[in-house]
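As structure tokens, the structure follows; a few thoughts come after it.
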Amino acid sequence: MRLEREADLAVARGMTERAEDFYTSLGMPKLPASFWDKAQLVKPRDRDVVCHASAWDMNLAGDVRIKMCIKPNEEDFTTIYHELGHVYYYLAYNDLPPLFQSGANDGFHEAIGDTVVLSLTPDYLHSIGLVGKPRQSDQAVINAQMRMALAKVAFLPFGLMIDRWRWGVFDGSITPDRYNEAWWALKAQYQGVAPVQMRGEDYFDAGAKYHVPGNTPYTRYFLAHILQFQFYRALCDAAGYQGPLHQCSFYGNKEAGQKFWSMLKKGQSQPWPETLKELTGSGELDATAILDYFAPLQAWLKEQNQGRSCGW
Ligand SMILES: [Zn+2]
């Protein structure tokens, strides 16, 4: 058993070093030695823990950690890159006064690691020996884009409606006698989904979403899903990349890394539109980067949906 656990730990550590390598390839520092001592990479055997992945800045001065129960699969592999995004943000702004040690806005923190994950292209995965030589057939591109779109685009209306409901509760426009009705009205309006059977006020369906009883703001995830494509497009530009956006990986590019790191170093020390502008050239949230990224899928869908009326 002991040997088995050490093998699990070695694999988890190897996966984490692989993610660290992406960040250092951009010119960012190595993770501090304390990270490797103190992070929880695999599930402990002697106690119960919450395995939901998270990243922590323990002392605002370099004691950064992640908490995960890493399994050797694709989902956990990309989650490590996401969590290290938080960790590198912490490290970059640790020099600032504590009040400024935070994301430029709520959405920035969640978007950093995801920006890197967008760079984990088939060519990158091939270059690190994880997959064979990618065949870029049209079908393979559409399949990969559809998978991404189901995660990233379908999330947007959901990400928006959660706080529409929460804020409605807070400002009193959604009263306790219609909590469930209002929940499903928003789901219909934004997501176009409906329950199989009528759900009355005997139920509290909103409570099944972790962030509602947990009282965690949700707009951050909506914003992050837009920002990550803006960051990614800007960093691909900085890297001098030309070509279809979805094939860009800024792995190993020091110019992109330099721009990324100077944004991270700003933390919350100035209004977020300024920080956004320094990286992307514009201080406004802008969904055109999403459209650029999904251009092949968009063209395919237009063809498939010809003559149909989409919507609800
Ligand atoms: Zn996160």
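The values are calculated or read from the model by the stated rules, or taken from the named source; none is laboratory data. If you're wondering where the values come from, they're calculated on a predicted model, not measured in any experiment. With ideal geometry, Cβ positions are generated from the backbone for all residues, glycine too; neighbour counts draw on all protein chains shown. Accessible surface is based on the protein model in full, side chains and every heavy atom, while ligands, DNA and RNA are left aside. Shrake-Rupley method; radii C 1.70, N 1.55, O 1.52, S 1.80 Å.
Taking the 1.4 Å solvent-accessible surface of the chain as the whole, the part contributed by carbon and sulfur is 54%. Of 180, 73, 253, which has the largest mean-square fluctuation in a 10 Å C-alpha GNM of the chain? Greatest mean-square fluctuation among the candidates belongs to 73. Over the chain, dividing the summed -39,500 (n - 2.57) contributions of all DSSP H runs of at least 4 residues by the number of residues returns a 222 nm mean residue ellipticity of -17000 deg cm²/dmol. Cross-link candidates for residue 266: which aspartates and glutamates have Cα within less than 17 Å, leaving aside residues fewer than 8 places away along the same chain? Reachable aspartates and glutamates: 57, 95, 106, 110, 274, 278.
What percent does the relative contact order of the chain come to when contacts are Cα pairs within less than 8 Å and at least six residues apart? The partial results should precede the final answer.
On the way: 390 pairs, mean separation 64.1, N = 312.
Computed value for the chain: 21 percent relative contact order.
Here the extension length gained between residue 9 and residue 36 equals 8.6 nm, from 0.36 nm per residue of separation less the Cα-Cα distance. The HN-Hα couplings worked out from phi for the range 127-141 by the Karplus form 6.51 cos²θ - 1.76 cosθ + 1.60 (θ = phi - 60°) are 5, 9, x, 8, 9, x, 5, x, 9, 8, 6, 4, 5, 5, 5 Hz, whole numbers, x standing for Gly and Pro.
Might you tell me the accessible area per residue for the chain, computed with a 1.4 Å probe and given in Å²?
With the other protein chains kept in place, the chain gives 54 Å² per residue.
With a ≥ b ≥ c taken as the square roots of the eigenvalues of the C-alpha gyration tensor of the range 1-142, please select rounded if a/c is under 1.5 and otherwise prolate if a/b is larger than b/c or oblate if it is not? Taking the square roots of the gyration eigenvalues as a ≥ b ≥ c, the range 1-142 is oblate. Residues of the range 43-62 with an amide N closer than 15 Å to a point placed 7 Å from the Cα of residue 76 along the Cα-to-Cβ direction: 43-45, 49-54.
Bridging of residue 259 to lysines at a Cα separation below 23 Å is possible for 30, 277, once same-chain residues fewer than 8 apart are set aside.
For the range 102-301, rounded, prolate or oblate, judged on the Cα gyration tensor with a ≥ b ≥ c (square roots of eigenvalues), a/c < 1.5 rounded, else prolate if a/b > b/c?
Details: a/c = 2.62, a/b = 1.53, b/c = 1.71.
Oblate, since a/c reaches 1.5 and b/c is not below a/b.
Accessible surface of residue 167, taken over heavy atoms with a 1.4 Å probe and every protein chain present, rounds to 120 Å². Checked against a 24 Å cut-off, the cross-linked pairs 209/265; 152/302; 71/187 give Cα-Cα distances beyond that limit for 209/265; 71/187. Of all lysines in the structure, those lying under 17 Å Cα to Cα from residue 67, and not within fewer than 8 positions of it along the same chain, are 38, 43.
Full extension of the chain segment joining residue 54 with residue 155 gains 34.3 nm, where the gain is 0.36 nm per residue of separation less the Cα-Cα distance. Using C-alpha pairs below 8 Å separated by at least 6 residues, the relative contact order for the range 1-95 is 29 percent.
Sort 142-155, 111-124, 298-311 by packing, meaning the average of other beta carbons within 10 Å per residue, with the highest value first. Don't jump to the answer; show the numbers that get you there.
Numbers: 142-155: 14.8, 111-124: 21.4, 298-311: 9.1.
In descending order of packing, they fall as 111-124, 142-155, 298-311.
Label the range 85-195 by shape, choosing from rounded, prolate and oblate, from the square roots a ≥ b ≥ c of the eigenvalues of the Cα gyration tensor; if a/c is under 1.5 it is rounded, and otherwise prolate applies when a/b is larger than b/c, oblate when it is not. Oblate is the answer for the range 85-195, as a/c is 1.5 or above yet b/c matches or exceeds a/b.
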